[in-house]
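Trainee: Have a look at this one.
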Amino acid sequence: MTLEILTPEKEIFSGEVYGVQLPGISGSFEVLDKHASMVSALKAGSLKILVDKTSTTLYNIKSGFVEVLNNKTVVLVEGAEQK
């Protein structure tokens with residue numbers, strides 16, 4: 001699936017990934033390949049990109065939103081920095 005992580009200032013990440021773990025306002029959740037369409041609010045916390053089944057990348061994010069549509073996940077956050 002395609003993942004994009006965007007802040008008001010710049011694009012943080014864009015590429016093909018296995019999945020992503022996100023800090024939702026009601027608890028953490030994971031989006032994998034061919035996930036159903038959804039929109040969710042995010043709280044500040046840790047976002048984990050599952051590049052493949054063995055490799056991950058971590059970011060600390062501020063609050064924002066995520067949209068999953070047509071096997072593309074777009075994460076819009078106030079700020080993000082790689083751990």
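Trainee: Criterion first (on the phi > 0 side of the Ramachandran plot and in contact with a strand residue (DSSP E or B) (Cβ under 9 Å, 6 or more places away or on another chain)) does ASN71 satisfy it?
Mentor: Yes, satisfied.
Trainee: Taking VAL31 as meeting all but one of (1) surrounded by fewer than 14 Cβ atoms within 10 Å (Cβ to Cβ); (2) not in a loop (DSSP other than H, G, I, E, B), write down the number of the exception.
Mentor: It is condition (1) that VAL31 fails.
Trainee: Additional query: Of the residues VAL75, VAL17, only one is out of contact with any Leu (no Cβ under 6 Å at 6 or more places or on another chain) and of a type outside the set (Gly, Ala, Ser); which? Spell out the reasoning first.
Mentor: Values: VAL17 fails: out of contact with any Leu (no Cβ under 6 Å at 6 or more places or on another chain).
Within the list VAL75, VAL17, the selection yields VAL75.
Trainee: Turning to a different aspect of this structure: Would you check if VAL75 is under 19 Å from MET1 (Cα atoms) and either in contact with a helix residue (DSSP H, G or I) (Cβ under 6 Å, 6 or more places away or on another chain) or in contact (Cβ under 8 Å) with a residue 40 or more places away in the chain (or both)? Please lay out each step first, then the result.
Mentor: Values: under 19 Å from MET1 (Cα atoms): yes; either in contact with a helix residue (DSSP H, G or I) (Cβ under 6 Å, 6 or more places away or on another chain) or in contact (Cβ under 8 Å) with a residue 40 or more places away in the chain (or both): yes.
Here the answer is yes, as VAL75 does meet what is asked.
Trainee: For segment 1-41: of the residues being more than 13 Å from the chain's Cα centre (by Cα) and hydrophobic (A, V, I, L, M, F, W, C), which is nearest to ASN70 (Cα to Cα)?
Mentor: ALA36
Trainee: Inside segment 48-63, can you point out the residues that are in contact with a Ser or Thr (Cβ under 9 Å, 6 or more places away or on another chain) and not polar (S, T, N, Q)?
Mentor: From segment 48-63, those in contact with a Ser or Thr (Cβ under 9 Å, 6 or more places away or on another chain) are 48-51, 58-62; that's our starting set.
Listed by number, the residues that qualify are LYS48, ILE49, LEU50, VAL51, LEU58, TYR59, ILE61, LYS62.
Trainee: Against the conditions (1) modelled with pLDDT of 95 or more; (2) of a type in the set (Ser, Thr, Tyr); (3) surrounded by fewer than 17 Cβ atoms within 10 Å (Cβ to Cβ), where does TYR59 fall short? Just the number, please.
Mentor: (3)
The values are calculated or read from the model by the stated rules, or taken from the named source; none is laboratory data. All values reported here derive from a predicted model rather than from experimental measurement. As a convention, Cβ positions derive from the backbone with ideal geometry for all residues, glycine included, and neighbour counts pool all protein chains shown.
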